[in-house]
Structures are given as structure tokens and as C-alpha cells.
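Novice: My questions all concern the structure below.
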Amino acid sequence: MTFIMHRLLVVFLGLAAAGALAADSPVDKTDIQRAVLITGASTGIGRLTAERLAAEGHFVYAGARKPADIKALNAIENVQAVKLDVTVAGDIDAAVATIRAAGRGLWGIVNNAGVNLIDPLIEADESDLQFLFDVNVYGVFRVTRAFAPLIVESGGRIVNISSISGILSGGLTGYGMYFMSKHAVEAFSDQLAFEMAPLGVHVSAVEPGSFQSDIGLSRCRRMLSAQADKRYEYFAEAMAAYRDQCRGRLEGKVQGESPPPDAVADAISHALFSDTPKQHYLVVPDQFQAMITMSWAFRELLHLNHDQPYSYSREELIELMDEEWAILKGEKQRDWPVD
């Protein structure tokens, strides 16, 4: 059994097991008010999670960039807004100083801040790729590294908001840069989980599907401003369709049908406070998105296994899956290191 094959099965079966939160793993109820930092807390998943955790009695440091958002967040009980642009080292350093000076410690980090850009890979501008990675990848790295000492001190949790796009890649013209960034978050989360475990810190990745979020509106505004005059040689038709769709969304003519991200906030809360947090949380609004994500993961596994010197038979793959399934259910122990 190769290490790589085992590692792939860990990831894929971990996703399968994370489709629903375990009913026998309730959120830890404690009299101690634990503090959590959430980046990108102005809107969407970040804002909903901040409100949810604060209402449950936890103390939330809510990262935001705009003065109006900071003022609105400060009006919520158990919430203290901190000016935090994850691309600005000075903001991060100041936030660390503020939180350390408050004396509450820090139980958890939720790396939620993120952006999305659409452009076909061979016609994308390098500056756009740099911008997207600066927020989605380097931002997660910067914040985690800066606040890691506080999390190690508390033996707490780190939760990275990834996406089903961190499992999928291909099939949607223009989404390559975003796929790349979320694949990076997946790799970062898996390796961080391995490195932080001996320090008493648990790391989880949450992979949402399609839920209501302002990330799409921000993408549309950027597309219709910064990319308004861009000419495409190979993908003009596809990009024109995206622009038309964005105009409709921003003018209120096209309404999104995605549900609010309550299930994502539930997963984040579970990852932060459950006695049995998971390493991966696949959170999708319907069976179809779960099927696509799992099918794509198995597709990659089978492509890796196909017609190479050390391939496994179908029966051998099933045996490996059964073994990993038993480990996930706690019925047996792993006899080689992976987590």
C-alpha cells in the first residue's frame, strides 16, 4: 500500500464522512467564554458566523476593512471589530497586538476572507492571479502564522474556509485561478493539520458548495470595471455571457437561488467547539453538488490508478476503502502515520 494512495483515500473518505454533522458530537457547552477571530466578517459566511457565535456567548474578533462595516460589527453584543486586511502586514500585526492586549487569549481562527475572479487561464492577467492568491492563499498563511502562538497557547482550533472548488477543477471556463487558490488552501490545511497536531491544535477545512455570498457580487463588480474593455481571442463568447449575467445580477434582474449559508456556520461552529472536530467538512445545499464533488474526487483517484506499474485492482481499492472507513468510524487504529 503506497503512502500516496492511502493519503488520497483519507481525503476522499473524510469528505464522504463529513457530508452531515455527527449527531453524537454536540457542541461543547462551557462556562468559559472563548474568543475567536473571523477574517472577512463584513458579509456573507463571515458575518453570519460572527453573529451566530456571538449569540451563543462566544467572544468574536470580527475582521473587516471598511469603517462602516467596523461600526456595524461593533454594535453586536460579544463582537469587537478589528481593522484587518489580510494582504496588509501592518493590519495583521496590529490585530495580534490588540487581541493579545485584551487578555482573553484566542481559542480559534476562522480564515474566511476570500475573493473570486473569472478569466480563462491562457488569457488571464498575471496581476489578477497575484491578487487572488494574495487574499485566498497568502492571506490565510499570513493570518495563521501571525496568530499561531496564541492558538498554541490555548490548544485551540484553526478553521480554513475552502470550497468544493478545492476538490473540483475543470468543467467551468474561467474558474481556473479560483480552483488553483482553493486547491492550495486544501493542501495548506492538510499539512497544517499534520504539523499542529503535536502542538495540541486541531485544524479543519470547510468546503462549502453554492450558498448565498457577496463574493459573486464582488467578482461581478470587478469584472464590469477592471475587465470591462478586455478583448478575448479564444473565449470571447463565454466571457460575454459572464458579463451579461453579472449585469443582470447587479441590476437585480437575476436573483440567485442559493440558500443562506446557515449550514456553513453550523460546520464552522462544530469545527471550533465540538469534542470531535473533523478535518474536512463538505457542506453543500443538495445531493447533486455532493455527487459532483465526490465523483470528481473519485475520478482523480481512478485516473491516478489507471494503467501504471503499481496500479490496484478494483477489489484492492475497495479493500483499502473499507480499511479507511473502519479507521474513520474508530473501529481500528492506523498502523502508519498520516494525520
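Novice: Hey, got a sec? Which trypsin sites (Lys or Arg not before Pro) in segment 277-339 land in a DSSP loop and have at most 16 other Cβ atoms within 10 Å?
Specialist: Values: sites: Lys278, Arg299, Arg314, Lys329, Lys332, Arg334; in loops: Lys278, Lys329, Lys332, Arg334.
Within segment 277-339, the qualifying trypsin sites (Lys or Arg not before Pro) (loop, at most 16 other Cβ atoms within 10 Å) are Lys329, Lys332, Arg334.
Novice: Okay, next question. How large is ³J(HN,Hα) for each residue in segment 278-287, as worked out from phi by the Karplus curve 6.51 cos²θ - 1.76 cosθ + 1.60 (θ = phi - 60°), to whole Hz, x for Gly and Pro?
Specialist: 9, 7, 9, 10, 7, 10, 10, x, 7, 5
Novice: Next up: What spacing in nm lies between the two simple spin-label points modelled at Asp214 and Phe235, each 7 Å away from Cα in the Cβ direction?
Specialist: My value for the distance between the label points is 2.7 nm.
Novice: Is any residue of segment 238-274 close enough, with backbone N under 14 Å, to a label point placed 7 angstrom from the Cα of Phe288 along the Cα-Cβ axis, and if so, which?
Specialist: Within reach of a label on Phe288, which here means backbone N under 14 Å from a point 7 Å along Cα→Cβ, segment 238-274 contributes 257-259.
Novice: Sticking with this one: Within the set Lys66/Lys182; Lys71/Lys278; Lys182/Lys278; Lys278/Lys332; Lys83/Lys182, which residue pairs have Cα atoms separated by over 27 Å?
Specialist: Over 27 Å apart, Cα to Cα: Lys71/Lys278.
Novice: Another question about this same structure. What residues have an amide H closer than 5 Å to that of Val82, excluding those fewer than 5 places away on the same chain, when H is modeled at 1.01 Å from N in the peptide plane?
Specialist: The answer is Ala62, Gly63, Ala64.
Novice: Next up: Suppose each label sits 7 Å from its Cα in the direction of the beta carbon; what would the Ala94-Val152 distance come out to in nanometres?
Specialist: It is 2.7 nm.
Novice: Let me check I've understood the local charge: for Lys66, count other residues with C-beta under 12 angstrom from its C-beta, Lys and Arg +1, Asp and Glu -1. What total comes out? Working shown, then result.
Specialist: Values: positive: Arg65, Lys71, Lys83; negative: Asp69, Asp85.
Computed value for this residue: +1.
Novice: Sequence-distant or interchain residues sharing an amide H contact under 5 Å with Val283, placed H: which?
Specialist: For Val283, whose amide H was placed from the backbone, the distant partners under 5 Å are Glu207, Gly209.
Novice: Could I have the simple spin-label model distance between Ser258 and Gln308, label points 7 Å from Cα toward Cβ, reported in nm to one decimal?
Specialist: 3.3 nm
Novice: Follow-up question, since we're still on this one. I need the phi-derived Karplus couplings for segment 319-330: 6.51 cos²θ - 1.76 cosθ + 1.60, θ = phi - 60°, integer Hz, Gly and Pro marked x.
Specialist: Whole-Hz 3J(HN,Hα) from phi for segment 319-330: 4, 4, 5, 4, 5, 5, 4, 5, 5, 4, 7, x.
Novice: Can you give the alpha-carbon Rg of the chain over 2.2 N^0.38 Å, where N counts its residues? Can you show the working numbers first?
Specialist: Numbers: Rg = 20.6 Å, N = 339, 2.2 N^0.38 = 20.1 Å.
With N residues counted in the chain, Rg over 2.2 N^0.38 Å equals 1.02.
Novice: Among the DSSP beta bridges whose two residues both lie in the chain, what percent are antiparallel, rounded to the nearest 5? Don't skip to the answer; put the middle values down first.
Specialist: Working: 1 of 26 bridges.
Antiparallel bridges make up about 5 percent of those DSSP assigns within the chain.
Novice: Separate question: Magnitude of the Cβ-charge dipole of segment 178-325, K/R +1 and D/E -1, about the Cα centre, nearest 20 debye?
Specialist: Working: 13 positive and 23 negative charges, 241 e Å.
Dipole about the Cα centre, nearest 20: 1160 debye.
Novice: Taking just the C-alpha trace of segment 174-285, give me its Rg and Dmax in Å.
Specialist: 18.2, 54
Novice: Which GluC sites (Glu not before Pro) in segment 233-339 sit in a loop by DSSP (not H, G, I, E or B) and have at most 14 other Cβ atoms within 10 Å of their own Cβ?
Specialist: Numbers: sites: Glu233, Glu237, Glu251, Glu257, Glu300, Glu315, Glu316, Glu319, Glu323, Glu324, Glu331; in loops: Glu233, Glu251, Glu257, Glu331.
Loop-located and lightly packed - Glu233, Glu251, Glu257, Glu331.
Novice: Could you run the Karplus curve 6.51 cos²θ - 1.76 cosθ + 1.60 with θ = phi - 60° over segment 305-315 and give me ³J(HN,Hα) per residue in whole Hz, x for Gly and Pro?
Specialist: 7, 6, 6, 10, x, 10, 5, 9, 6, 4, 5
Novice: At a Förster distance of 30 Å, what's the computed FRET efficiency of Arg145 paired with Arg221, Cβ-Cβ distance as r, to 0.05? Before the final figure, lay out each step's value.
Specialist: Details: r = 30 Å, r/R0 = 1.01.
Rounded to the nearest 0.05, the efficiency is 0.50.
Novice: With loop defined by DSSP as not H, G, I, E or B, and exposure as at most 13 other Cβ atoms within 10 Å, which is the longest segment of the chain clear of exposed chymotrypsin sites (Phe, Trp or Tyr not before Pro)?
Specialist: Longest run free of exposed loop sites: 1-233.
Novice: Per the Debye formula with a single identical scatterer at each Cα and no solvent contribution, what log10 I(q)/I(0) holds for segment 250-339 at q = 0.19, 0.23, 0.26 Å⁻¹?
Specialist: Per q value, in the given order, log10 I(q)/I(0) is -1.16, -1.29, -1.30.
Every number in this text was worked out from the coordinates using simple rules, so none of it is lab data. Small disclaimer: the values here were computed from a predicted structure and weren't measured. Cβ coordinates were reconstructed from backbone atoms using ideal geometry, including for glycine residues, and neighbour counts include every protein chain displayed.
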